[in-house]
Amino acid sequence: MSNYSTAIKKPLPLLALLVVGAAACDTLLTSAPEDADVFDAPVPGLTDAEMVVFLLGDEGFEEAFSPATGVGPIFNDVACGACHSGDGRGRIENALTRFSRGSDPALDEGGPQLQDRAIAGAVPEVLPVGVDVSVRLPPPVFGVGLIEAIPAAAILANADPADADGDGISGRPNWVTPAAWVPHTEVGGGSGPQLGRFSRKAQVSSVLQQSVEAYSQDMGITTDFLPVDNVNPQSGASTLASDLVPDPEVPLATVRAVVDYVRMLAPPAPGEDTPSRLFGSTLFDQIGCQNCHVREFTTGDSRISALANTRVVLYSDLLLHDMGDELADNRPDGMADGREWRTTPLWGLRLVREFLNGDMFLMHDGRASTVEEAILLHGGEATGVRLAFEALSAEDRAALVDFVESR
Amino acid sequence: MKPVAVTLCLFAMVATPLWGQEDTTETRAFVRGGVYDKPYLTQLLGRAALGGYAEFHSRWEREDGINEFSFVAKRFNLFTAARVSDFVRFAAELEFEDGAEEILLEFASIDLTIHRAFAVRAGMLLSPLGRFNLAHDSPLNEFTDRPVTSTDIFGVALSEPGLGALGSIPVGGSGRVTYEAYLVNGFNDGVINNSPDGTRIPEGRRNFEDNNSAPSFVGRVTYSPNLGFELGLSGYTGPYNQFQSEGARLDERRNVNLWVLDFEGSLLGFEFSGEGGFGNVDIPPTLIGTLASDQAGFYLDILRDFGHGWISTMAQSHFSVGARLESVDFNRDIEGDDTRQISLGFNFRPNAESVYKFNYVRGRTTDSFNNAAQFSKLLFSVATYF
């Protein structure tokens, strides 16, 4: 005759509702997008230890710095993820301005990069008059580990600097001298010129240098590699006095994890191969896009075994091409001259709009907003191919664009 | 026997105006659930009373497909209050948050009541910035988490040293107007410097010294036509940056401004309450584009009690169901950087002072690129006054 057995009279139906609700999991509890549809998924086949580093690096890539944690004194943005949206490309608002006087990086004037933001107490840089300027849209960061694992010989095999085959398309490597602090064990590190693979003019030879310089130049974050904050030589008072956070502002382990993280980012899967796209794909080869946008490479060895000996379908030869007057920035970068650009990989184009609030920014400075517009901007070595594109019927052009846009 | 009777009598005289208010027509608390309207105060035995509340969570959260689970010893807060004389009273609250990771003197102020319409308050004040900041004890709330607008835009619990006045003025038969107006230390540079997420006004709170020798103002006026309905308007303004120091001018003066509209009322057996407001921060020109200058947000709670006496063994027990709608825009200049969520609650109160809360939360946040992430939460929490 327990009181408790009769105690609860009615509320059970409500509890039952809650439980049923919880059971209808995916809708109620939300689900995540597929790995194939994002820019920040890991390459398949990572070991548990690599996955730990991947997660750590993911945090580091998204970590936003505030003045309290060391951003500045002068900087462009506060996180890797603040420029590379969803680990993809950035918007025009995130573009960097590089400047120099010819091949002189104009260090005493604040070159080679304009930091137009500053924390309280520091003065941001302004663009000096009469310098050579190059505006760079942040490219995607996925797939850089695969690019790094392609043997240099395979890339160099496509180079044709003197246009020996007479197709109007040359293709040159950018030989760059890595920073002295890049360990020789890194791909692209070592003494003497190394093959440049990264950034818009392939002016950087290692993922490590690219990332450490991003910390230093883009965010004003010191690391063990570059332990002194970037200052504004245009400012009267010392810029250093305004950033009181002890250096290095980010630990070595985090830098290493972030570098490995971008290395281990998988390119998204291409879209479905519809008949129209398959036809577009044939046209892509026929009219000569593939002369520069080389479909695929196979990687060689890699410390990360998931990146070794695997196909890389990126649609780029990773070489420099003269793209004509209209696209020229007239500012040399390493061995790249003011008319040359690295062939942009076309992977992931299908998802660009999803991570840029519905917009599309193409080419080195984001000036094109459709694939067709981008193709029509091709000049210089690509003039013949562009003319061939223009000569296609509207239907064929649409099929080609559809193919490119579905990568 | 006599001394005891005298003491009790004296105590009753002293205590009546404080807890019961001096005027029998005005038995309402200044702020419902506020500093002088807590359950522990009805059990007063000596001159100073001691009470508090405790709160425990179990949280299952999921964002973008990633699950997290944790138990959290959220808060243990101690209250004390004393009637020092007919005119002087004192109250304080000491907060131990997240297992004493954060210990904070949330409130400690001395009131000199000259008239019901005019009292002088000095000390560590709860800033009158929306009703929720003045009455945010967990056992009082029907949802496990505080509204995002309140915590992330207005900075609940916002308290700071200051000095000012408060009072209550009857209007009409059962109506009244109340006011609170204080000068306080104001926010500091943390508003723009401390958060990785950009501008976050709460990051600049809790200044036991003024960083710029220029006080800020915070005030709230309420109008209530009758018990059960109240409308409040609050404002906050003052400089946050160290624009002057040691007599020298260092920078432009930059202000934080906040406006909050709050209300509570009941209709057809449902209780409604909510707050909405704007935050505005003057951003240094070198950081425009990186930091938000305008923020806004609101929440709306709808609640219904039921099942009084359903559990025969707990005579005072009842249930409640509720829903909360919230929206916060952390940067009004861009399309992204906002959060929207809906919370559904099912609560059991064994008595009015203790509550077991089951909450389901579903929402969506966007980053500065307007990339969206979906999230959901299942929260179970217990809170009780003591």
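So which residues in region A:294-321 are among the aromatic types (Phe, Trp, Tyr) and out of contact with any helix residue (DSSP H, G or I) (no Cβ under 9 Å at 6 or more places or on another chain), if there are any at all?
none
Kindly indicate whether any position in region A:164-176 is among the polar types (S, T, N, Q), closer than 20 Å to residue A:139 by Cα and part of a loop (DSSP other than H, G, I, E, B).
yes
Taking the residues in region A:135-155 that are touching a Phe, Trp or Tyr at 6+ places or on another chain (Cβ under 9 Å) and outside any helix (DSSP H, G or I) as candidates, determine which candidate is farthest from residue A:96 (Cα to Cα).
Among those that are touching a Phe, Trp or Tyr at 6+ places or on another chain (Cβ under 9 Å) and outside any helix (DSSP H, G or I), it is A:151.
In region B:46-66, which residue that is open to solvent by less than 80 Å² (accessible area, probe 1.4 Å) and under 22 Å from residue A:31 (Cβ atoms) is farthest from the other protein chains (Cβ to nearest Cβ)?
This residue is B:59.
Among (1) within 14 Å of chain A (Cβ to nearest Cβ); (2) open to solvent by less than 60 Å² (accessible area, probe 1.4 Å), which single condition is residue B:196 missing?
(2)
Which of (1) within 14 Å of chain A (Cβ to nearest Cβ); (2) of a type outside the set (A, V, I, L, M, F, W, C); (3) in contact (Cβ under 8 Å) with a residue 40 or more places away in the chain does residue B:83 not meet, given it meets every other one?
Among (1) within 14 Å of chain A (Cβ to nearest Cβ); (2) of a type outside the set (A, V, I, L, M, F, W, C); (3) in contact (Cβ under 8 Å) with a residue 40 or more places away in the chain, the lone unmet condition for residue B:83 is (1).
Could you tell me whether residue B:354 is small (Gly, Ala, Ser) and either within 9 Å of chain A (Cβ to nearest Cβ) or out of contact with any helix residue (DSSP H, G or I) (no Cβ under 8 Å at 6 or more places or on another chain) (or both)?
Considered against the rule, which asks whether it is small (Gly, Ala, Ser) and either within 9 Å of chain A (Cβ to nearest Cβ) or out of contact with any helix residue (DSSP H, G or I) (no Cβ under 8 Å at 6 or more places or on another chain) (or both), residue B:354 comes out as no.
Which residue pairs have Cβ atoms under 6 Å apart, sit 6 or more places apart or on different chains, and have a first residue in region B:39-50 that is assigned to a helix (DSSP H, G or I) and a second that is modelled with pLDDT under 75?
B:41/B:19
Can you confirm whether residue A:306 is touching a Leu at 6+ places or on another chain (Cβ under 8 Å), modelled with pLDDT of 95 or more and not polar (S, T, N, Q)?
Yes, satisfied.
Mind counting the residues in region A:115-137 that are more than 14 Å from chain B (Cβ to nearest Cβ) and either at negative phi or touching a helix residue (DSSP H, G or I) at 6+ places or on another chain (Cβ under 6 Å) (or both)?
9
Would you please name the residue that is farthest from the other protein chains (Cβ to nearest Cβ), looking only at residues in region B:284-302 that are of a type in the set (A, V, I, L, M) and surrounded by fewer than 19 Cβ atoms within 10 Å (Cβ to Cβ)?
Here the residue is B:300.
Looking at residue B:338 and the list (1) open to solvent by 40 Å² or more (accessible area, probe 1.4 Å); (2) closer than 26 Å to residue B:67 by Cβ; (3) of a type in the set (Asp, Glu), which single condition is not satisfied?
Condition (1) is where residue B:338 drops out.
Please specify each residue of region A:91-108 satisfying the condition of being open to solvent by less than 50 Å² (accessible area, probe 1.4 Å), touching a residue at least 60 places away in the same chain (Cβ under 8 Å) and either hydroxyl-bearing (Ser, Thr, Tyr) or more than 8 Å from chain B (Cβ to nearest Cβ) (or both).
Within region A:91-108, A:95, A:96, A:98, A:99, A:100, A:102 meet the criteria.
Among the residues of region A:62-90, what is the count of those that are more than 8 Å from every other protein chain (Cβ to nearest Cβ) and either farther than 14 Å from residue A:140 by Cα or among the hydrophobic types (A, V, I, L, M, F, W, C) (or both)?
Total satisfying the criteria: 10.
Can you name every residue in region B:308-333 that is within 11 Å of another protein chain (Cβ to nearest Cβ), outside any strand (DSSP E or B) and either modelled with pLDDT of 95 or more or buried (at least 18 other Cβ atoms within 10 Å of the Cβ) (or both)?
Listed by number, the residues that qualify are B:311, B:317.
Select, from A:235, A:199, A:216, the only residue that is touching a residue at least 60 places away in the same chain (Cβ under 8 Å), open to solvent by 10 Å² or more (accessible area, probe 1.4 Å), over 16 Å from the mean Cα position of the chain (by Cα) and closer than 18 Å to residue A:76 by Cβ.
A:235
Looking at A:64, A:82, which one is of a type in the set (A, V, I, L, M, F, W, C), within 17 Å of the chain's Cα centre (by Cα) and modelled with pLDDT under 95?
Of A:64, A:82, the one residue that is of a type in the set (A, V, I, L, M, F, W, C), within 17 Å of the chain's Cα centre (by Cα) and modelled with pLDDT under 95 is A:82.
Read through the list (1) modelled with pLDDT of 95 or more; (2) outside any helix (DSSP H, G or I); (3) of a type in the set (A, V, I, L, M, F, W, C); (4) open to solvent by 20 Å² or more (accessible area, probe 1.4 Å), then give the number of the only condition that residue A:253 fails.
Every condition holds for residue A:253 apart from (2).
Out of A:40, A:58, report the one residue that is in a helix (DSSP H, G or I) and not β-branched (Val, Ile, Thr).
A:58
In this structure, does residue A:362 turn out to be more than 16 Å from residue A:280 (Cα to Cα), without any contact (Cβ under 8 Å) to a residue 40 or more places away in the chain and in contact with a helix residue (DSSP H, G or I) (Cβ under 7 Å, 6 or more places away or on another chain)?
The answer is yes for residue A:362.
Being open to solvent by 10 Å² or more (accessible area, probe 1.4 Å) and within 14 Å of another protein chain (Cβ to nearest Cβ) narrows it down to one of A:112, A:44, A:140, so name that one.
After ruling out the rest, the residue left standing is A:140.
Sort out which residues of region B:67-80 are surrounded by fewer than 16 Cβ atoms within 10 Å (Cβ to Cβ), polar (S, T, N, Q) and more than 14 Å from chain A (Cβ to nearest Cβ), and write them in order of number.
Selection gives B:70 alone.
So for region B:126-148 (the condition being in a strand (DSSP E or B) and open to solvent by less than 20 Å² (accessible area, probe 1.4 Å)), does at least one residue qualify?
So far as region B:126-148 goes, yes, one or more of its residues are in a strand (DSSP E or B) and open to solvent by less than 20 Å² (accessible area, probe 1.4 Å).
If the requirement is being under 20 Å from residue A:143 (Cα atoms) and either among the acidic types (Asp, Glu) or outside the structural domain of residue A:134 (by TED's automatic domain parsing) (or both), which of these qualifies: A:389, A:355?
None of the others qualify; the one that does is A:355.
The values are calculated or read from the model by the stated rules, or taken from the named source; none is laboratory data. Everything quoted here is computed from the prediction, not taken from an experiment. Cβ atoms come from the backbone with ideal geometry, glycine included; neighbour counts cover every protein chain shown. Side chains are part of the model used for accessible areas, which takes the heavy atoms of the whole protein and leaves out ligands, DNA and RNA. Shrake-Rupley method; radii C 1.70, N 1.55, O 1.52, S 1.80 Å.
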